[in-house]
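Notes for the one structure printed next.
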């Protein structure tokens, strides 16, 4: 009898161990892969899903078709690095030391990421994710602010801000292409390289058990606008009579869209598409000198008007997000981190400014009070003088200063979405309320150094 009980206990124990292991494997496999596709300077209406007639972006449109279109998605800043800091940290950019661009030229550098900042890849690693960054980093050029320092298992891309040439991959004559920390000098158009490296990574991860997080940040369509000749020829043949600058930009974006299509095809071919969450968005509004299309929005890149901040955004997750859905909820780049950590089952135990919008993605109603939403950019040169300028949105109201040397302006976006009628004089009470919020955010940002300590 004792032997029988002992054998039964052993069998029960083995069964429980097996069940626990199966449950853990099942839980891990059910976590979605995460792919962020982050473009650079893409105009709000430089996608064909908004009905823009002169451009064709079928692969970006497919993300929208298979998922949710977010019409009121804002970048945290009207320029590159601050928005990237918010995307990766879930915080306002100056609250982590990046109010302006991180550049290799010290005399024109306006940001230094606080090395203690906890970034998204480090959070997702806690949830069992393999983490990779392919493409543009722009948050640091050396230790302790390289991608591998902040939680990325794998980095294959570009450290600096812009490239002077998409084929030679240099900035001020220096090479910032890296494979992890190794200097590399690959041949080819940067868009094609980032696409190829992403396809290879996705195919490799298809053979692995743990989920992956891939942050794919293209430099395109940031100037210099350099589409391959065959893509420009295709646009000129299809759309004769376009201004040369517009034709070049369209070809540049359509070449980028083709790369996105190759990346998504790799997910499908490796059987990973259904359980991959794909976020397509951009870092700021389109660059008007290159003839970007920001739709009905006022102004573009560098501006605190809507055209500088609103970005095209679509999110798909075939297993969970309803295809063809849309949302007019106001979200920012910094809201992506808490959304993804919630999906990954990772608790955020440090201070962030963003909040999850997962319920919205899943078709649920989110009841929330209007948040004061803060935007900042610091820049040098004679136009800005090393000073910062800001905007703050609260509900339908938006307060902004579009240059450090211009007066404040106030708009009601519900009644005046094109920001044509500055009504600050007749709404002083609203102005004082929004300005108080703005001053509070500026003070908090002022506690964080934005230059590297000596």
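The values are calculated or read from the model by the stated rules, or taken from the named source; none is laboratory data. Predicted model only: the values in this text are computed from it and were never measured. All Cβ positions, even for glycine, are placed from backbone atoms using ideal geometry, and neighbour counts span all protein chains on display.
Below are the figures for this structure:
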item: Unmet requirement for residue 381, which otherwise passes all of (1) at positive phi; (2) within 23 Å of the chain's Cα centre (by Cα); result: (2)
item: Residues of the stretch 31-81 satisfying the condition of being under 19 Å from residue 135 (Cβ atoms) and assigned to a strand (DSSP E or B); result: 33, 34, 35, 36, 37, 38, 39
item: Residue 410 being under 22 Å from residue 83 (Cβ atoms), outside the structural domain of residue 126 (by TED's automatic domain parsing) and either buried (at least 16 other Cβ atoms within 10 Å of the Cβ) or modelled with pLDDT of 95 or more (or both); result: no
item: Residue that is assigned to a helix (DSSP H, G or I) and either in contact (Cβ under 8 Å) with a residue 40 or more places away in the chain or surrounded by 17 or more Cβ atoms within 10 Å (Cβ to Cβ) (or both), where the choices are 161, 192; result: 192
item: Qualifying residue in the stretch 443-454 (condition: part of a helix (DSSP H, G or I), touching a residue at least 60 places away in the same chain (Cβ under 8 Å) and either more than 27 Å from the chain's Cα centre (by Cα) or surrounded by 13 or more Cβ atoms within 10 Å (Cβ to Cβ) (or both)); result: yes
item: Members of the stretch 84-124 that are assigned to a helix (DSSP H, G or I), over 18 Å from residue 386 (Cα atoms) and touching a strand residue (DSSP E or B) at 6+ places or on another chain (Cβ under 6 Å); result: 121, 124
item: One residue from 39, 57, 52 being at pLDDT 95 or above and within 16 Å of the chain's Cα centre (by Cα); result: 39
item: Matching option when the condition is more than 25 Å from the chain's Cα centre (by Cα), in contact (Cβ under 8 Å) with a residue 24 or more places away in the chain and assigned to a helix (DSSP H, G or I), among 410, 434; result: 434
item: Flag if residue 139 is crowded, with 17+ Cβ neighbours inside 10 Å and either touching a helix residue (DSSP H, G or I) at 6+ places or on another chain (Cβ under 9 Å) or not in a loop (DSSP other than H, G, I, E, B) (or both); result: yes
item: Some residue of the stretch 274-288 being under 24 Å from residue 306 (Cα atoms), without any contact (Cβ under 8 Å) to a residue 40 or more places away in the chain and in the same structural domain as residue 44 (by TED's automatic domain parsing); result: yes
item: Strands (runs of 3 or more DSSP E) completely within the stretch 282-388 that count 1 or more residues being under 22 Å from residue 442 (Cα atoms); result: 373-378
item: Only one of 356, 316 that is crowded, with 23+ Cβ neighbours inside 10 Å, assigned by TED's automatic domain parsing to the domain that holds residue 246, within 30 Å of residue 267 (Cα to Cα) and touching a helix residue (DSSP H, G or I) at 6+ places or on another chain (Cβ under 7 Å); result: 316
